[in-house]
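Q: The following block contains the structure, expressed as structure tokens.
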Amino acid sequence: QVQLVESGGGLVQAGGSLNLSCAASGLSFSYYAMAWFRQAPGKERECVATIDWTGGRTGGSTFYAESVKGRFTISRDNAKKVVDLHMSSLKPEDTAVYYCARRTYGSSVDPRSVRPETYDTWGQGTQVTVSS
């Protein structure tokens, strides 16, 4: 069964931290770019961070939305088929359902990486709520 399963969401106070994890099974993982998106009620799904197949070990291999730059860190372990999102200095506006996704084609990060339609496999999402 092809699936991505997110975990680690929850309720946290503003200024706190959370670690989200996404485990892949039944699908190719190592040579695909991966991403974390989020969607708040009434808003469009937004790309938070993407990472290339190397795990960001070469220059320009990760992308972060301006709203999370410096606070969130995306990482991956290809051997374990896991992609993580470490979130710190959380703000109430970070409240959303967070999804991980696998890029349909390609192993790198490019300008189209922020578009949801370029991903073909999605997890079920995990709720992150940041209280003020």
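Q: Out of Thr129, Ala24, Tyr98, whose Cα points farthest toward the positive end of the dipole of the chain (charges: +1 Lys, Arg; -1 Asp, Glu; placed on Cβ)?
A: It is Ala24, whose Cα lies furthest towards the positive end.
Q: Could you tell me the relative contact order of the chain? Use alpha-carbon pairs under 8 Å, at least six residues apart, and round to a whole percent.
A: Reported relative contact order: 36 percent.
Q: On to the next question. In the chain, carbon and sulfur make up what percent of the accessible area (probe 1.4 Å)?
A: Of all accessible area on the chain, carbon and sulfur atoms account for 50 percent.
Q: Evaluate the charge dipole of segment 1-79 about its Cα centre and quote only its size in Debye, nearest 20, assuming +1 on the Cβ of each Lys and Arg and -1 on the Cβ of each Asp and Glu.
A: On the way: 7 positive and 6 negative charges, 23 e Å.
It comes to approximately 120 debye.
Q: Compute, for the chain, the length of the dipole vector about the Cα centre, with Cβ point charges of +1 (Lys, Arg) and -1 (Asp, Glu) only. Units Debye, rounded to 20.
A: Details: 14 positive and 12 negative charges, 30 e Å.
Dipole magnitude for the chain comes out near 140 debye.
Q: Give me Rg over Rh for segment 41-117, both radii from the alpha carbons and Rh done the Kirkwood way, two decimal places.
A: So for segment 41-117, dividing Rg by the Kirkwood Rh gives 0.94.
Q: Please flag any cysteine in the chain that has no other cysteine's Cβ under 4.7 angstrom from its own Cβ.
A: Cys47, each lacking another Cys Cβ under 4.7 Å.
Q: Output wanted: per-residue J couplings in Hz (rounded whole) for segment 10-25, from phi through Karplus 6.51 cos²θ - 1.76 cosθ + 1.60, θ = phi - 60°, x for Gly and Pro.
A: With the stated coefficients, segment 10-25 comes to x, 9, 9, 7, 4, x, x, 10, 9, 10, 9, 10, 10, 9, 9, 8 Hz.
Q: Which cross-chain or sequence-distant (5 or more) residues have an amide H under 5 Å from the amide H of Thr121, H modelled 1.01 Å from N in plane?
A: Here the answer is Arg102, since their amide H atoms fall under 5 Å of that of Thr121.
Q: At what distance in angstrom do the alpha carbon centres of segment 1-78 and segment 82-105 lie from each other?
A: 4
The values are calculated or read from the model by the stated rules, or taken from the named source; none is laboratory data. In this text, all values refer to a predicted model and were calculated from it rather than measured experimentally. All Cβ positions, glycine included, derive from the backbone under ideal geometry; neighbour counts span all protein chains shown. Just the protein is used for accessible areas: all its heavy atoms, side chains included, with ligands, DNA and RNA removed. Shrake-Rupley method; radii C 1.70, N 1.55, O 1.52, S 1.80 Å.
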